[in-house]
1. Any idea what diffusion coefficient the stretch 1-55 gets from Stokes-Einstein, in µm²/s, Kirkwood Rh on alpha carbon pairs, 10 °C, 1.306 mPa s?
2. Ignoring ligands, DNA and RNA, please state the percent of accessible area on the stretch 17-57 from carbon and sulfur, probe 1.4 Å.
3. Given the Cα-Cα distance of Arg54 and Arg21 and 0.36 nm per residue of separation, how much length would full extension add, in nm?
Amino acid sequence: MGFDHQVEMKLTAKDAAGRLRRIESWCADWEISFRVLDRFAGSETIRIAFEDQRLARAFIGHFGGVLVDDREIEQAMSRDVADEDAYERLAREYPD
């Protein structure tokens, strides 16, 4: 099982360090595994990923944010696989 359930939330640069510490502490207290995904370039939006949708919803109840649509994640993963296939094809066609 992967970290397929993502919560998107706003996090200003000014508040980031303290808020992330509170998130980490809360998740540790409840023994919740999570991952903070990269920020979007030029944005105050971050995504936090969980293994279980119930945990993602509990997080939203405590910290706010919105659950990311599963279809968006599947589409992004499909694009990543297609991009990787294209790179592999190019590497075969143009070896060193």
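The values are calculated or read from the model by the stated rules, or taken from the named source; none is laboratory data. Values in this document were obtained by computation on a predicted structure and should not be read as measured data. Quick note on the areas: whole protein, heavy atoms, side chains included, nothing else; ligands and nucleic acids left out. Shrake-Rupley method; radii C 1.70, N 1.55, O 1.52, S 1.80 Å.
1. Working: Rh = 11.8 Å.
Using the Kirkwood radius from Cα pairs, D works out to 135 µm²/s.
2. Values: 1310 of 2850 Å².
Carbon and sulfur: 46 percent of the exposed surface of the stretch 17-57.
3. On the way: separation 33, 0.36 × 33 = 11.88 nm, distance 2.16 nm.
Working it through step by step, the gained length comes to 9.7 nm.
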